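The values are calculated or read from the model by the stated rules, or taken from the named source; none is laboratory data. These figures come from a predicted structure and were not determined experimentally. For neighbour counting, all protein chains shown are included, and Cβ atoms are generated from backbone atoms with ideal geometry for every residue, glycine included.
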Amino acid sequence: MRPKVLRAPACVAIAIVVGVVLVPGASSAPSRLSCRSGVTLDENATARMFIRRGGGSIYGCMKDTGRLRSLGSEGDSGRYDNGQDEHVLAGRYVAFREYSCDPDSGCEGYVVVKDLRSGRIKVRGSASDGNASVLLPSADGDVVLAGSSNLVYRSAKRRMILDRSAGVNPRSVLRSTSRVYWIRDGEPQTARVPGFGLD
């Protein structure tokens, strides 16, 4: 005599499957980021930068396409702090500082300019700039930055030292067409930078 096989009614089987799918707390994909997500860091008519809510990831996007570009993350809270800060938008370009800190040797940083449309790096600073900070980006992707003892203009193809003094007031730096203005030790200074600021 063959043993009887007990079959659950179809409605019970369906209920079990639905219960597995809809169980509260089940894992699911994170909500999709968009150009309107997060907390705004900087914004203009062309682009927007934001940081994810509850996280340190930073993104930039072009408003006409909505495509996101990763810009790294804020520093952590551990012994060794690494991250990005000083984000500034100019047109479709974002200038920011990448830095790393060690309690034994201090902090080092260099300036990066990224094209949010192409995703490419247009300018990358170097150790020769000193512990640099972003001061003045342009909508052409050029940037003026302050090193530990100098004021530097950088583009994709040029590096021009504007001032070699540690007495430059970073808050004083301005531009008008192809000129940059700043204060050094209380005295006004200026330099012509062909092509900078023609945006």
The condition of being within 29 Å of Ile58 (Cα to Cα), without any contact (Cβ under 8 Å) to a residue 24 or more places away in the chain and not aromatic (Phe, Trp, Tyr) holds, among Asp142, Asp104, Asp115, only for Asp104
Of Ser155, Ser133, Ser178, the only residue that is over 17 Å from Asp42 (Cβ atoms) and in contact (Cβ under 8 Å) with a residue 40 or more places away in the chain is Ser155
Step by step: first the residues of the stretch 90-132, then only those that are in a loop (DSSP other than H, G, I, E, B) and within 16 Å of Leu151 (Cα to Cα), then the one that is modelled with the lowest pLDDT. Which residue is that? Gly130
On the given criteria, is Cys61 assigned to a loop (DSSP other than H, G, I, E, B), modelled with pLDDT of 90 or more and surrounded by 10 or more Cβ atoms within 10 Å (Cβ to Cβ)? no
Has the stretch 80-87 got any residue that is over 13 Å from the mean Cα position of the chain (by Cα) and crowded, with 18+ Cβ neighbours inside 10 Å? no
When only residues in the stretch 161-190 that are under 14 Å from Ser133 (Cβ atoms) and touching a Leu at 6+ places or on another chain (Cβ under 7 Å) count, which is modelled with the highest pLDDT? Trp182
Looking at (1) modelled with pLDDT under 85; (2) under 14 Å from the mean Cα position of the chain (by Cα); (3) loosely packed, with under 15 Cβ neighbours inside 10 Å, find the lone condition where Ser77 falls short. (2)
All positions within the stretch 94-123 that are of a type in the set (A, V, I, L, M) and exposed (fewer than 15 other Cβ atoms within 10 Å of the Cβ): Ile121
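Considering only the stretch 139-199, give the strands (runs of 3 or more DSSP E) lying wholly within it that have at least 2 residues that are closer than 22 Å to Arg124 by Cβ, touching a strand residue (DSSP E or B) at 6+ places or on another chain (Cβ under 8 Å) and not charged (D, E, K, R).
Once the strands (runs of 3 or more DSSP E) in the stretch 139-199 are filtered for at least 2 residues that are closer than 22 Å to Arg124 by Cβ, touching a strand residue (DSSP E or B) at 6+ places or on another chain (Cβ under 8 Å) and not charged (D, E, K, R), what remains is 143-146, 151-154, 159-163, 168-176.
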